[in-house]
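**Student:** Would you mind keeping the following structure in view while I ask a few things?
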Amino acid sequence: MESLGRKRLYADVIMAGFGGQGLMFIGKLLAYSAMKAGLNVTWIPSYGPEMRGGTANCTVVISSEEIGSPVITSPKALIIMNNPSLEAFEPRLEPEGMLFLNSSLVTRSVERKDIKVMPTPANAIAAEVGEPKTANMVMLGCYISKTKLLPPETVLEGLKEFFEKKARYVDVNIQAFEKGVQYTKR
């Protein structure tokens, strides 16, 4: 991934877990924030047959240039929230790709040695801020911090716009996001 200061930027990520873990939300938030920063984006959701508890994933592509196809066969990054998603997507991650892993729920070991793994106890960190449902924001904070794809402030501005009519959710989501950013710097 390249930072915003460079001429050409391209990043892609697949976010996967159970339905109800907020992966579609953080995918939309990432895409929206990148769009607000003047970048080209695509966001593609994919749901299992159940809405909650079934599998869910989304793909986000961000580029400073036109995006030829939103379909990714070998993503540069994965945000994985559960064991079935690790099983499904680990083989697809490109060599030297980044795997952001919710170590609170993922109990299976990562098999590949040619990737960078960032285990994060997202559920435990979310519990620290008083809202277990913000584990998704913890993971997004880790992703943003490590990839430097967007400034954290850009994502937080997008978050405030998303929750414009539900302001009571803003502070706890900001706290979770910031805890994710801090976790990567320990």
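No lab work stands behind these numbers, since they all come straight from the coordinates. As the structure is a prediction and not an experimental result, all values here were calculated from the model. Cβ sites come from the backbone with ideal geometry, for glycine too, and all protein chains shown count toward neighbours.
**Student:** Using modelled backbone amide H atoms (1.01 Å from N, in-plane), which distant-in-sequence or interchain residues come within less than 5 Å of MET118's amide H?
**Tutor:** Correct list: LEU99, PHE100, LEU101.
**Student:** Please report, in whole Å, how far the alpha carbons of segment 10-184 spread along each principal axis, starting with the longest.
**Tutor:** Cα spread of segment 10-184 along its principal axes, largest to smallest: 40, 38, 33 Å.
**Student:** Right, something else. Have a look at the DSSP beta bridges in segment 10-184 and tell me what percent are antiparallel, nearest 5. Could you put the intermediate results ahead of the total?
**Tutor:** On the way: 17 of 30 bridges.
Close to 55 percent.
**Student:** While we're on this one: For the chain, what is the calculated [θ] at 222 nm in deg cm²/dmol (nearest 500), taking -39500 (n - 2.57) for each run of four or more DSSP H residues and dividing by its residue count? Could you put the intermediate results ahead of the total?
**Tutor:** Working: 6 runs with 67 residues, N = 186.
Rounded to the nearest 500, it is -11000 deg cm²/dmol.
**Student:** Also: To the nearest 20 debye, what is the magnitude of the charge dipole of the chain about its Cα centre, counting +1 on the Cβ of each Lys and Arg and -1 on the Cβ of each Asp and Glu? Walk me through the numbers before you get to the answer.
**Tutor:** Details: 22 positive and 19 negative charges, 51 e Å.
Result for the chain is approximately 240 debye, rounded to the nearest 20.
**Student:** So, counting K/R as plus one and D/E as minus one, what does the shell of residues with Cβ under 14 Å around ARG168 add up to? Walk me through the numbers on the way to the answer.
**Tutor:** Values: positive: LYS133, LYS160, LYS165, LYS166; negative: GLU131, GLU164, ASP171.
With Lys, Arg at +1 and Asp, Glu at -1, the net is +1.
**Student:** So for the pair TYR47, ARG92, with labels modelled 7 Å out along Cα→Cβ, what separation do we get in nm?
**Tutor:** Inter-label distance under the simple model: 1.9 nm.
**Student:** So, one more: Running a GNM on the chain with Cα contacts under 10 Å, which residue among SER145, SER85, SER46 ends up with the highest mean-square fluctuation?
**Tutor:** Taking springs between Cα atoms under 10 Å, the residue moving most is SER46.
**Student:** Treat each spin label as a single point 7 Å out from the Cα along the C-beta direction, and report the GLN182 to TYR169 distance in nm.
**Tutor:** 2.3
**Student:** Using per-residue counts of other Cβ atoms within 10 Å, averaged over each peptide, order 180-186, 149-155, 99-105 from highest down. Mind showing how you got there, number by number?
**Tutor:** Values: 180-186: 15.1, 149-155: 18.9, 99-105: 21.9.
So the peptides 180-186, 149-155, 99-105, ranked by packing, come out 99-105, 149-155, 180-186.
**Student:** Could you sort 111-118, 75-82 so that the peptide with the highest average Cβ count within 10 Å comes first and the rest follow in order?
**Tutor:** My ranking of the peptides, most packed first, is 75-82, 111-118.
**Student:** Okay, moving on. Modelled label-to-label distance, GLU153 and VAL110, 7 Å Cα→beta-carbon offset: nm?
**Tutor:** Rounded to a tenth, the inter-label distance reads 3.1 nm.
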